[in-house]
2 protein chains.
Amino acid sequence: MSVSESIKPLFAQIDKLKPEYVNRLAQAVAIPSVSSDESLRPQVFAMADFLKKQLESLGAEDIQLRDLGTQPPPVADPKLQLPPIVLARFGKNPAKKTVLVYGHYDVQPALLEDGWNSDPFKLVEKNGKLYGRGSTDDKGPVMGWLNAVEAHNKAGMELPVNLVCCFEGMEESGSLGLDELVAQEADKYFKGVDTVCISDNYWLGTKKPVLTYGLRGCSYYQITVSGPGADLHSGIFGGVIHEPMTDLFNVMSKLVDTQGNIQIPGVNEMVAPLTEKEEKLYEKIDFDVDELNLASGSNTAIYQDKKNILMHRWRYPSLSLHGIEGAFSGGGAKTVIPAKVVGKFSIRTVPDMDPRKLDEYVFKFCKEKFAELKSPNSFNVELIHDGNYWVSDPFNEAFTAARKATQLVWNVDPDLTREGGSIPITLTFEEQLKTDVLLLPMGKGDDGAHSINEKIDVANYLEGVKTLSAYLHYYAAGKDSE
Amino acid sequence: MSVSESIKPLFAQIDKLKPEYVNRLAQAVAIPSVSSDESLRPQVFAMADFLKKQLESLGAEDIQLRDLGTQPPPVADPKLQLPPIVLARFGKNPAKKTVLVYGHYDVQPALLEDGWNSDPFKLVEKNGKLYGRGSTDDKGPVMGWLNAVEAHNKAGMELPVNLVCCFEGMEESGSLGLDELVAQEADKYFKGVDTVCISDNYWLGTKKPVLTYGLRGCSYYQITVSGPGADLHSGIFGGVIHEPMTDLFNVMSKLVDTQGNIQIPGVNEMVAPLTEKEEKLYEKIDFDVDELNLASGSNTAIYQDKKNILMHRWRYPSLSLHGIEGAFSGGGAKTVIPAKVVGKFSIRTVPDMDPRKLDEYVFKFCKEKFAELKSPNSFNVELIHDGNYWVSDPFNEAFTAARKATQLVWNVDPDLTREGGSIPITLTFEEQLKTDVLLLPMGKGDDGAHSINEKIDVANYLEGVKTLSAYLHYYAAGKDSE
């Protein structure tokens, strides 16, 4: 029997369970597990306990709330405990494949006064949408996995794979402790994991489901120019000394042009050439410039056509100037010549850019441009931090299973998307577990994660449970399953 | 009898009065009249009362402590009273010339913990120097005028001119209320004033007395570039929208080169040509690049020769980039694309620059440079505030009198200096009273006004009293006096 046939009773069960699913999400949303608010840290722990009880009631084994110790500075309370990472497994059958699912149970801050139409920590269903902080980021998807297990239990159907859960409580605050835990458990708790599935991003738009196979990396640099021993009065020193700000503006203005073209030799040359196969992927994607303009709140798009917008967001590098540390930054007027200024910029990286070569090109270019000024000021350029890009094969086993699941549930071929930003845990799992990672989003592009009136569509939440379930079945059945 | 002969008994009296003079300054310094510290406002009033008593005891007439009302916001105490402007006159003989002397009795903040070697509000004499807050800025010079009157009284000598005193208590905090009072009293209290003498600046160096005949003006501009409706994530929007920061850096980097040359067409063309007479003035001035390097705490001088340094500080315009409002300005890394950024810069102005024409050239240039970018972002450039330059004829009657006085007291021809910054009250007096203004500094370039361990040399304080006195006598005696 094909997967699409055998899964029908499960889907029927999912439809029946809607009230339980909404109730489960409502209970989760009611716990204000804001990881960035120290005073709400007990609520993050309460949310971990809620998950533990849910997992127990669904029959999970080996549930662990992993203590990560105290939070490193800066913190108001030096004894502030990090919320635990919740580990659990359903099944440990060596004959089955093992899927690790990751999600996070902490949320962004939210106050009614910020402009919410209803209490952010009370789930409200209205016009087919479920409003509440965490509904889409990321409590909805986390509940989605629990819902999928419940559906199997109630339908008397065995899970087709061993399911390993890894849910963290610090994602909105830098995922403190997660990298270390994944590295530590790679050959222990996570041993035997065949693939990782993360549901913590969104459809590109609002109409078509997507599978995400790439993320850009980010290399963040700073340029320091210093000269005078202290900040100086521009009346007394203006015109007679070399001002660090003049030099900084000169160098930083040469990094990128107004069309977004990076001017540093060698950088664009490292970008992987566009293949015909990749180019074709953009053609059928559901997106247009209006969506970009809506998102940016302006008509400032560099490209007006879908293909160029998506390629420049996903597969080409970009360079942004972020600001200056050490110069006047307040309102009004201040006539100081700053003695030491630090300019910040970052480059979004893509295949096949080598981060160390990028550093080399950036340093060389900046130093050359500064040398051309023949300024006696001191100059330094350095990398503050970097994170690599990630690209997966969107035609591998996991993506193929997810595509079939999406087709079955949504009756449409999902768009294959990338994202311009980064989700660092993706690379951590890939590198530490040496497996593929699939990004399988549940919510829509207009869900308002991190914003006011965050929501998830009821349809996405329910069909999402079906998609996650079907994905597990197709993945278990192998590449040629139908 | 020549002035130089007739003044000898007065000078002898001044030498005798040293203990009284030091005591007068010690009493003044002991009152912490910090105008920027609201909690110390009663001390500023106490200082006005001290002045009133001193003036009374010296025989001043028509002493007025002019109420200026409450201080406008921002203030912690909405009923905070402004300290009074102290007016007084010595003599009202229509047969004599009338000299208005201006000074201020408030001081900069000072704390022992800042690094002072002794209590800043206790005058300490050490190695020929008098240490204490206000010793040189500006209590020393204000006491200097009182000392000069006392010397005349005790020597039984009549003041050669009518002396009008105008001492304010808010100079270190924006001179609130002063402009209005000067305008209001131009034809009343200040009626008949022939010239104004201000002793509130410093010798250029430490070896040679100076007379100051020029100040640069300042026009402060801001450029606003905005596009997106809100700050954006550089991962998602980097490479696909026109970033306001890129445009701002592009335009601002074109305003001035690293050698300090203003790149805006028309600006340098407005500068008054250098005459041979003026050029000669620089040759004998006591100054060299080492003093500039010491002051800037670096070896970042654009010019290494005295003449170019002084000319570029005093008689050529300069352009400084001050900072950006709206962009990331903290430590570390933040990957935001700011939606709206405001770049600040100012131009120091000199004769014969027309401030309205300058605005026009600045606006035109910035708009053209932005237009060249073909960016869809919004752009605006505007003037925030301006103050005009000031230049006097250093060979007029007042300067001639001051030069003779300096030669008599210091046995040296004073250097004729300008300053790169501005002292707005200079222009106010000139414009409102329609008289010349003379800047006749008492302290040295290393006195540390606004800094820790502020001092005035005992020699400067005593010889300063002689200089002020001799100036009055030479001025009264006319241009050809000896």
Go through (1) modelled with pLDDT of 95 or more; (2) not assigned by TED's automatic domain parsing to the domain that holds A:N380 one by one and return the number of the condition A:F287 breaks. (1)
Over the stretch A:222-237, the set of residues in a strand (DSSP E or B) and buried (at least 23 other Cβ atoms within 10 Å of the Cβ) is A:I223, A:V225, A:L232
What is the one condition in (1) surrounded by fewer than 20 Cβ atoms within 10 Å (Cβ to Cβ); (2) within 22 Å of the chain's Cα centre (by Cα); (3) basic (K, R) that B:K53 does not satisfy? (2)
Name the pairs whose Cβ atoms lie under 9 Å apart, with the first residue in the stretch B:79-92 and part of a strand (DSSP E or B), the second hydroxyl-bearing (S, T, Y), and 6 or more positions between them or separate chains? B:Q81/B:T70; B:V86/B:Y105; B:L87/B:Y189; B:R89/B:T98; B:R89/B:Y189
Report, by residue number, each residue of the stretch A:173-205 that is among the small types (G, A, S) and in contact with a Leu (Cβ under 8 Å, 6 or more places away or on another chain). A:G177, A:A186, A:S199
Only one of these is touching a helix residue (DSSP H, G or I) at 6+ places or on another chain (Cβ under 7 Å), assigned by TED's automatic domain parsing to the domain that holds A:V124 and of a type outside the set (K, R): A:Q43, A:Q71, A:Q27, A:Q64. Name it. A:Q27
Flagged pairs (Cβ under 6 angstrom, 6 or more apart or on separate chains; first in the stretch B:169-187, over 16 Å from B:V107 (Cβ atoms); second assigned to a helix (DSSP H, G or I) and hydroxyl-bearing (S, T, Y)) are B:D179/B:T428; B:V182/B:T428
Just to verify a result, which residue in the stretch B:214-239, among those that are of a type in the set (G, A, S) and under 20 Å from B:P338 (Cα atoms), is farthest from the other protein chains (Cβ to nearest Cβ)? B:S226
Take the residues of the stretch B:361-390 that are within 21 Å of B:R315 (Cα to Cα) and at pLDDT 95 or above: which is surrounded by the fewest Cβ atoms within 10 Å (Cβ to Cβ)? B:Y361
Output for the stretch A:301-326, where each listed residue is within 7 Å of chain B (Cβ to nearest Cβ) and in contact with a helix residue (DSSP H, G or I) (Cβ under 6 Å, 6 or more places away or on another chain): A:A301, A:Y303, A:I309, A:S320, A:L321
Selection from the stretch B:240-282 of residues that are acidic (D, E) and more than 8 Å from chain A (Cβ to nearest Cβ): B:E269, B:E276, B:E278, B:E279
For the structure I just gave you, tell me whether B:A95 is touching a residue at least 12 places away in the same chain (Cβ under 8 Å) and either crowded, with 17+ Cβ neighbours inside 10 Å or assigned by TED's automatic domain parsing to the domain that holds B:D457 (or both). no
Hits in the stretch A:198-213 (condition: more than 22 Å from A:D290 (Cβ to Cβ) and either within 12 Å of chain B (Cβ to nearest Cβ) or not in a strand (DSSP E or B) (or both)): A:S199, A:D200
Across the stretch B:391-431, the tally of residues that are away from chain A (no Cβ under 14 Å) and surrounded by 19 or more Cβ atoms within 10 Å (Cβ to Cβ) stands at 19
Go through the residues of the stretch A:128-142 one by one and say whether even a single one is surrounded by fewer than 18 Cβ atoms within 10 Å (Cβ to Cβ), in contact (Cβ under 8 Å) with a residue 24 or more places away in the chain and either closer than 24 Å to A:S39 by Cα or out of contact with any Pro (no Cβ under 8 Å at 6 or more places or on another chain) (or both). yes
Would a scan of the stretch A:283-292 turn up a residue that is facing another protein chain (nearest Cβ under 7 Å), in contact with a strand residue (DSSP E or B) (Cβ under 7 Å, 6 or more places away or on another chain) and under 30 Å from B:G297 (Cβ atoms)? no
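Output yes when any residue across the stretch A:327-335 is facing another protein chain (nearest Cβ under 8 Å), basic (K, R) and without any contact (Cβ under 8 Å) to a residue 60 or more places away in the chain, and no when none is.
yes
The values are calculated or read from the model by the stated rules, or taken from the named source; none is laboratory data. Just so it is clear, the structure is predicted and the values come from calculations on it, not from any experiment. Heads up, the Cβs are rebuilt from the backbone with ideal geometry, glycines too, and the neighbour counts pull from every protein chain shown.
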